[in-house]
1. Quick check: is even one residue across segment 164-181 crowded, with 18+ Cβ neighbours inside 10 Å, more than 16 Å from the ligand (Cβ to nearest atom) and either in a loop (DSSP other than H, G, I, E, B) or at pLDDT below 95 (or both)?
2. Of the numbered conditions (1) within 16 Å of the ligand (Cβ to nearest atom); (2) among the hydroxyl-bearing types (Ser, Thr, Tyr); (3) at pLDDT 95 or above, SER46 fails exactly one; give the number of that condition.
3. If you check every pair at least six apart or on different chains, which have Cβ atoms under 6 Å apart with a residue in segment 406-425 that is of a type in the set (D, E, K, R) first and a residue that is surrounded by 11 or more Cβ atoms within 10 Å (Cβ to Cβ) and not in a loop (DSSP other than H, G, I, E, B) second?
4. Please go through segment 137-153 and pick out each residue that is over 14 Å from HIS283 (Cβ atoms) and either surrounded by 13 or more Cβ atoms within 10 Å (Cβ to Cβ) or more than 27 Å from the chain's Cα centre (by Cα) (or both).
5. Of all residues in segment 220-249, which are outside any loop (DSSP other than H, G, I, E, B) and either within 16 Å of the ligand (Cβ to nearest atom) or among the small types (Gly, Ala, Ser) (or both)?
6. Assigned to a helix (DSSP H, G or I), in contact (Cβ under 8 Å) with a residue 24 or more places away in the chain and among the basic types (Lys, Arg): which single residue out of LYS592, LYS583 fits that description?
7. Within segment 31-78, which strands (runs of 3 or more DSSP E) (wholly inside it) include 1 or more residues that are in contact (Cβ under 8 Å) with a residue 40 or more places away in the chain and acidic (Asp, Glu)?
8. With respect to THR474, is the statement that it is away from the ligand (no atom under 16 Å from the Cβ), within 28 Å of ALA436 (Cα to Cα) and hydroxyl-bearing (Ser, Thr, Tyr) true?
Amino acid sequence: MPDGTTPHFGPATIRIDGRAKVTGAARYASDETVENPAWAFLVTSSIARGRILGFRLDEARAVQGVLDILTHENVGGEAEKPKPMAGGDTTETMESDRIWHDGQIIAVVVAESFEAAREAAHKVRPDYEEEAPSASFGSAGVVEEVRKAGEHKDYRVGHAERAFRDAEFRVDQRYGTPTQHHNPIELFTTTCEWRDGKLTVYEPSQFVYGLRGNLAKQLRIAPESIRVVSRYVGGAFGSKGGITARTAWIAVAARRVRRPVKLVSTRDQGFTIVTYRAETRHHIQLGADRNGKLTAFRHEGWEVTSRPSQYNVSGTETTARIYACPNILTKVNIVHADRNTPGFMRAPPEGPYMYPLECAMDELAFALRMDPIELRRINDTQTDPATGLPFSSRSLMECFDKGAARFNWSARNPVPGATRQGDWLVGYGCATAAYAANIGASSARVTLTPDGRARVQIAAHEIGNGAYTVLAITAAEQLGLDVADVAVELGDTNLPAAGLAAGSNHTAAISHAVAKACDGIRERLARAAILANDSPFAGGDPAAITLSGRALNGPGGAQESLARALARTGEGPLEVTAENIPKGLPPDAMEKVRQGQMAMSRGHSRDDVTAYAFGAQFVEVRVHARTREVRVPRALGAFASPRIVNPMAAHSQYMGGMIWGIGAALHEKTEIDPVAARYTNDNIAEYLIPVNADVRSVEVLMVPEKDETVNPLGIKGIGEIGIVGMNAAVANAVFNATGRRVRDLPIRIEDLL
Ligand code: MOS
């Protein structure tokens, strides 16, 4: 465990909301009490492509307690289709008779009880006009197109085709990653309540202002008439970032039955009514000289999406800038199938796109008979090869060196299949982890009360990221208080706006806003102090006054208690609201967030530096010589960071990402029936994830880093980098153990027979 003594690391702090969470006192969205709720149950499509000809509803209506049944025939015009939002997208649902995918919402039953709604939902009989669907890559009828220019960029530097042709050493391979679903423990719920024309929505969300703004457009009402509340989120990982179709229909249902309506969708519905990680394919070409210097890098990706959507993650934006290379060419294609639209899932671009690059680097190292870490050292760079900009900081090799020493990498036998202990083949693998250092615009309100306590109010999101605690630490540090003196309120559009909790930007974004508000408080106290004759700071410089130890402190040891200084500013509490618009964002960024749009400065789109977090992943696998089962007895990740606000939470966050990466390598895959285009393992019994027996030693090293340009507090996000590269490190270790190179994830027993 980190001890929290490193200067740029904050105090290791137990989550301030931990007790509420484990005792059941924490109110998740569906726990919020509303008066006399009716219950909704979703009816979803059993075909993947076609039209609804009509519904037979008599049997469903006859179920006792049924209040209403919504279909496109009676409510189709009451809501606009949700606009694509950062983090995902959704096809139209009950706006028309059209079916875009299996499991699409086609009706909502509202009843006096959950049970009555469910029973009636099973008695809704739709009549379909069915067309043969296309499930995925290789299915007849999928439509492939080059990704349209939009949010993401592709890169062409030098002449990659020619350089690859002329290269002395070449890797030319294809790789694939499967469909994956988030499966957060907290299901996808929505509760809507109308009162005097105003709507309150309780829904787990990574962006309450985004949900508000987009829902307002769908319902054609002002954003100010909607309040969204999401105090706790029981797992999201990207799945609760964008608005999905269900929300507007529950709002419409509540308006029709003139009662609050509560929806708790089922586990299997969570596979089709929200987003997921798209299936991807990759073609990688690496060219190198005999010393291992890269001369050519080509990366072409393909991502599956729904018929109407342009959603893609385009991870080539990251892979193009990992290694020094004079000739780079990247391209991304999207493949339209009869599927629901994918969206963010932890490290959306880097998870699937770093996998092929890091496997290909391992293949190149093997071809060169070179240690894979040495190959990365030879191609390390402090200059972004895609743009020529300097990295704000890049301690990649320090991560590799510290990690390798700790992991005892030097014990690795480079000859595949050559290390055996009893019945087990042993292999080591490594990979690079990288994730853009992003930061969004945010506002926050901080109040200092006469009893010397502080309150932080911000519409930020506790999605397991430790936001409550991070803000308490930040305010305590800035105001010179103890963490226990700070109360934090989050997840409510009645509070000052904050952006999307995604892209590993949230801690950076919200800490800066809170720190600014705290500085506003310091400044007010200091100004009052210098104007007062009875103050030790009378006539001094307010900028020289700092807050620490519940006191104002100034040059020459001048000191005054916080209580005394605060009394001078008036009777009541001292309240300051501040906004932080990070470098690189336009002045209207904060207003955009309030309207529900994303305003985030991206680490790969800045014009001064390229800002990325880096790390190195190490894995030991054991493959049973006869059964071919794969075990991961040891994993180690070394991650560079200029500043860690809460080392305890950061440790868990990195570790969780690494464990998920083991799952991505060996377990996770959503299976789809190629004929019906229907997910077949849409439950957590058959959707495999690692359990404790699959995970043994997971070690995290936090490597201190110096970076004064990434942002004023030096925060590089850590939410997602922990998963990046783990899948490749496991695959590379499996190769080292067995000599078998498996390029399509997950790696299962049948791949190693
Ligand atoms: Mo995170 S997967 O960017 O919501």
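1. yes
2. (1)
3. ARG412/TYR428; ASP423/HIS624
4. GLY138, SER139, ALA140, GLY141, VAL142, VAL143, ARG147, GLU151, HIS152, LYS153 - these are the residues of segment 137-153 that are over 14 Å from HIS283 (Cβ atoms) and either surrounded by 13 or more Cβ atoms within 10 Å (Cβ to Cβ) or more than 27 Å from the chain's Cα centre (by Cα) (or both).
5. Correct list: SER225, ALA248.
6. Result of the check over LYS592, LYS583: LYS592.
7. The qualifying strands (runs of 3 or more DSSP E) are 66-71.
8. Spelling it out, THR474 is indeed away from the ligand (no atom under 16 Å from the Cβ), within 28 Å of ALA436 (Cα to Cα) and hydroxyl-bearing (Ser, Thr, Tyr).
The values are calculated or read from the model by the stated rules, or taken from the named source; none is laboratory data. Everything numeric here is computed off the predicted structure, so don't read it as measured data. Note: ideal-geometry Cβ built from the backbone for every residue, glycine included; neighbour counts use all protein chains shown.
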